[in-house]
Amino acid sequence: MMDAGRHPNIEVLTNSELVRFEGRAGNFRATVKKYPRYVDEALCTGCGQCVNDCPVIVPNEFEVGMGARKAIYSPFPQAVPNTYIIDRVNCLNDQFLVCTNCQKSCDRDAIRYDDIGEEIELHVGAVVVATGFDVYEASRIPSYGYGLYHNVLTNMELERVLNASGPTRGHIVRPSDHKVPKKIAFIQCVGSRGEGKEAGCEYCSRFCCMNAVKDCMLVKQHEPDIEELLLFYIDLRAAGKGFEEFYQRSLDMPELKYIRGRPSKIMEDPETKDIFVYVEDVETGKVDKIRVSMAILSAGAVAAAANPDLANVLGIELDENGFFEVETRYGSPLHTARQGVYICGCAAGVNDVSDSVSQGSGAAAEAEKFIEKIPVETEPVEIKELDTSGPPKVGVFLCHCGINIAGVLDIDSLKEYAESIPDVAYVENNLFLCSDEGQRLMQNKVVEHGLNRVVAAACTPRTHEPVFQESCEQIGLNPYLFEMVNVRDQCSWVHTGVPEIATEKAKEMIKLGVAKARHLQPLYRKSIPVNQSALIIGGGVAGMAAALELDAQGMKVYLIEKEGRLGGRLNNLTRVYPANLSAFELARVMVEKVKASRVEAMAGTEVTGITGYVGNFDVATTNGNFKVGTIVLATGAGIYEPKDEFGYGKFDNVITNQELEDILHDTKGKIQIHGDTPKNVVFIQCVGSRDAETNPGCSRYCCPTTIKQAIRLRESGVNVTVLHRDMRTVGAKAEEHYRRARELGVKFLRYTPQRLPLVTGKDNRATSVEILELALDRILDVDTDYVVLAAGMVPNEASTAKLQDILKVPRGADGFFMERHAKLGPVETTSEGVFLAGCVSGPKDIADSLAQGSAAAAKVASIISRDTVNLEPTTCIIEPSLCRACSMCVDMCEYHAPSLVDIAPGLRAAQINQALCKGCGTCASWCPTGAIVALHFTDQQINSMLDALLLDRV
Amino acid sequence: MAVRTQQAKKKTKKEFIPNIVVFACNWCSYAGADNAGTNRMQHSPHFRVIRTMCSGRVTPGFVLKAFKLGADGVLVSGCHFGDCHYIFGNYKAVEQFEKTKGLVKTLGLDLKRVRLEWVSAAEGVRWANLIDEFVGQIAELGPSPLNHKPKYG
């Protein structure tokens, strides 16, 4: 949010609405109504003085009504822009009342009671709709008593309660008596997966299962003495990267009990205000009335109320659920029926965070095709560099991070301590140092007090150092004179139970930071030319989508595919859910588009080696060598090959879902397996998924795939039984298909991993499957002509290992490539200029893979659309006078950065190519003469930290 | 988790508080320590982290200096083999560490006081367990003979 707010090419219009829209892609005219804020954005500094003086107290929407705000307020702590707004409905300044408290208190004279807003005309090339969702109104289900009973909250309310800066400061209390609850019930699918009007929407809201599991773990962490957490669910849908593993970890919590069953009603005990949950446990068939202290309703996601108006203005359609209709013709989830208008995130249906982020980047790539290229940076502003040559004057800034830090560490004591450290000239603390306000505070104090080193005691430098460094740069302080101390992730979060010791530790950490800061030296970034081209490895849907996207933007693209033809897994599929597109057709269209484009597609080609760095990679393939600026890994995943599970290999008629797909493909619609039309088919789910030994993760694609295949078979008159652990039909229209399958008479029976279905048969044919029906507690024999195993998605070991070896991109515990950030960087890797798309980072369906292809294209374009790339200056350098040319560094560096050169006639010394040096500093640790300096991690800096730590303990 | 916190509390009563320096590489181990934070994996607070870009950066000199100044234990932590952001930096760290161990032995210190470990960015749990275990081990060994001002609490 902050990055968007401070980007020179992004203008953020809040409190605004699109009212008129005309034209066509590349040339739209949009009229935006900017509603009055009653506070001048240019003048307001967000100091908050007006809030103190405002006499009106109303419920705070951001705290879901559980906290209070004033009539003049900032919507939430990290709001961008950090400008206050007056709620004129509740304000006491109107034609009858004349309160002017805020106006009087404002030093900047920013209050405008007569603000009438404005209409802004925008000339744009494309539009991205990212308007999100609304939360289902839980009071619409009267039998759950939300709004009637005190101690029934929604998941959104619990999120605020759990939040350290929320209305209860992170303490979990019952609204009725403010006591810590002993037993909490979580009720899933409130407003989701409903049937009939009362129950809400028919689709699955997707996020609520993981949200509830996470909340259970957080509740336990906040209140360790909690006695029982009951989670009532239909299917536990942990379908996403790492989600299943998270769910499995939650099973180790003795307090947490999962109960399969949807409560019929909730009642309140009028005396104690306890809650009774009436539920049938469908695994035991027992109907029960369970007393809990508090109930949390997992309210689902519904289409935003404003969607119809916006759709009307944009001239696009809504689907039957009120979300924006996706034009499924392209297979991608980003297109609307109107060219130049794209959708992402929950505007088009329910998505989780990482998919929304991928779609956001993907939509940006789509939009870029219609945008005239303008330079990314605006005119460089000449900033005069501050003189930092004098003795160190260190400023220490302490962040509260709400109560993430301040709730554990004693900030006053830290402040007092920091002031006592030699060379510290100024100490300040702030609620959110990374907020606009916090950054401005830091900048002002540096200038005001003439500070020449800055230490921030806050969160991790891995995410926030760039933010702080940029703020330093804006005022002319060299960003490498900034040092970050991680007192949140590595102190307050992990030593929560021992606040005094944690505070002492934080003091020492600050002392170390200051010790290093004293010896920091200004460093200057260099820029190097970029080869404006991209290599895409893997010609499946994700790779082709990325290639086409980049080609449409006029970029040079090499697309290489190991197999003899493009198309990837699409070549082996028949039809693609949810739109029932022909996979063959989709593949054909994409392959033809690639062939018609300028993309240099090379089938039957493999990468043999890659060297270089962002902007300048040298690629060696079996089909020639070339140079590119960026690389996208889109090599997909493998399908688990069953060993001997469920009679696979023993019985001829036990096949995998992929083999069934081939059969359905070959028979062109007529259902015949090896010449016979089968009468009974049994599917077994989670083969090679959700199993600690073979693949701990959920493969996500198999449930919807089984539904698709089951419907296909059922429609031809086959009796279909699906044996599953949880039906995880998440994703667009998957739940609707699941419902349809049930309506068609597909039978669904649940099994548990403790009691796997047993496939029995004679000779080499399976004839029946034994399964323990849980509610009946009886073993059922299901006759079968075919058993289909839903094989999971696993990393493509050979290609993934090889690429990891070549590119050094890390892989996660599941064997898939690891993203830079599981939520916020789903297509980026830790290596600059190397991106991921599709199943190479974890199981995905075709729509998600396409979105990721587009997302990777957007990331690639952000690098190769420029002529140069900035290099980090934190490399190693060699002091030639100390070098005796032993060539140890030359021999050891994997990047070939050092080389021996003649520095004077007859005098040789090593020199480091800074474009090649990655700054690991290994050569500096090996250099026998100490000639190599690892900038920003120098011997002097590290030694001074050791001195500070060990010679002078607190 | 609660048990661990209690253990940490108990230690503050009258037991020896070890003075431990941890060198963590930026890409794996430091990120793993952050991951422990994100997952709120509580662990012993009796260590101080110095971030380096790579475990290969840690010269024997840094470790010896730490011991000379009275550290009771030193942990060097990098990426697992094959995971190194700099390809083979951790292999170089192993070579350096062999020299380090030789010198630590020469100093007459117990080799249990110094350790080289691998923690990946995803291994917050491993980080927390490793720290608890190493702190426990050093606490058992007691103050280093070179630590002239051991701390008890």
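Quick notes
- Prolate/oblate/rounded label for region A:641-792 (Cα gyration tensor, a/c 1.5): rounded
- Shielding score for A:459-470, defined as the mean number of other chain Cβ atoms within 10 Å: 2
- Distances between placed amide hydrogens fall under 5 Å for A:L559 paired with A:I536, A:E600, A:A601, A:M602, all partners being 5 or more residues away or on another chain.
- Proximity of backbone amide H atoms, modeled 1.01 Å from N, is registered between A:M818 and A:R811, A:G812 at under 5 Å, excluding neighbours fewer than 5 places apart on the same chain.
- Protection proxy ranking of A:32-39, A:898-905, A:708-715, A:278-285 - average other beta-carbon atoms within 10 Å, highest first: A:708-715, A:32-39, A:278-285, A:898-905
- Put in line by how crowded their Cβ is, counting other Cβ atoms within 10 Å and starting with the fewest, A:V514, A:V591, A:V357, A:V98 read A:V98, A:V591, A:V357, A:V514.
- Sorted by Cβ neighbour density within 10 Å, fewest at the top, the residues A:L122, A:L18: A:L122, A:L18
- For A:V313, neighbours were defined as the other residues whose beta-carbon sits under 11 Å from its Cβ, and their charges (Lys and Arg +1, Asp and Glu -1) total -1.
- Residues A:C883, A:C47, sorted so that the one with the fewest Cβ neighbours within 10 Å comes first: A:C47, A:C883
- For region A:117-164, GluC sites (Glu not before Pro) meeting the loop criterion (DSSP other than H, G, I, E, B) and having at most 16 other Cβ atoms within 10 Å: A:E137.
- Anisotropy class assigned to region A:196-243 is oblate, per the alpha carbon gyration tensor with a/c at or over the 1.5 cut-off and a/b no larger than b/c.
- 5 angstrom amide H check on A:M294, placed H, neighbours 5+ away: A:K183, A:A185, A:I275
- Pairs of Cα atoms nearer than 8 Å and 6+ residues apart set the relative contact order; for region A:402-489 it is 28 percent.
- Backbone geometry of region A:24-36 corresponds, through the Karplus equation with coefficients 6.51, -1.76 and 1.60 at θ = phi - 60°, to 3J(HN,Hα) couplings of 9, 3, x, 8, 9, 10, 10, 10, 10, 8, 9, 6, x Hz, x marking Gly and Pro.
- Along the axis of the charge dipole computed for the protein assembly as shown (Cβ charges of +1 for Lys and Arg, -1 for Asp and Glu, origin at the Cα centre), the listed residues B:V114, A:T131, A:Y233 are led at the positive end by B:V114.
- Counting only other chain Cβ atoms within 10 Å of each residue's Cβ, the peptide A:308-316 averages 0.
- For region A:394-521, with +1 on Lys and Arg beta carbons and -1 on Asp and Glu, the positive-most of A:G513, A:L409, A:C399 along the dipole: A:G513
- Dipole magnitude of region A:362-504, debye to nearest 20 (Cβ charges: Lys/Arg +1, Asp/Glu -1, about Cα centre): 120
- Per-residue ³J(HN,Hα) for region A:410-427, Karplus 6.51 cos²θ - 1.76 cosθ + 1.60, θ = phi - 60°, Hz, x for Gly and Pro: 8, 4, 4, 5, 4, 5, 4, 5, 4, 4, 7, 6, x, 6, 7, 9, 7, 9
- Span from the region A:4-45 Cα centroid across to the region A:211-269 one, whole angstrom: 42
- Projecting the Cα atoms of A:T721, A:V788, A:V746 onto the charge dipole of region A:641-792 (Cβ charges, centred on the Cα centre) puts A:V746 farthest toward the positive pole.
- 10 Å Cβ neighbours from other chains, averaged over peptide A:915-927: 6
- Mean-position separation - Cα centroids, region A:860-922 and region A:573-636, in angstrom: 33
- Once you reduce region A:153-191 and region A:430-493 to the center of their Cα atoms, the two points are 34 Å from each other.
- Anisotropy class of chain A from Cα gyration tensor, a/c 1.5 cut: oblate
- Cβ charges +1 (Lys, Arg) and -1 (Asp, Glu), total dipole of chain A, debye: 1200
- Using the Karplus relation 6.51 cos²θ - 1.76 cosθ + 1.60 with θ = phi - 60°, the per-residue 3J(HN,Hα) values for region A:218-229 come to 5, 4, 4, 5, 6, 10, x, 8, 4, 8, 8, 10 Hz, with x marking Gly and Pro.
- With contacts taken as Cα pairs under 8 Å at a separation of at least 6 residues, chain B carries a relative contact order of 37 percent.
- Rounded to the nearest 20, the size of the Cβ-charge dipole of region A:641-792 about its Cα centre is 520 debye, with Lys and Arg at +1 and Asp and Glu at -1.
Coordinate-derived values only; no laboratory data. What you see is a predicted model, and the numbers here were worked out from it, not measured in a lab. Note that each Cβ is placed from the backbone with ideal geometry, even for glycine, and that neighbours are counted across all protein chains shown.
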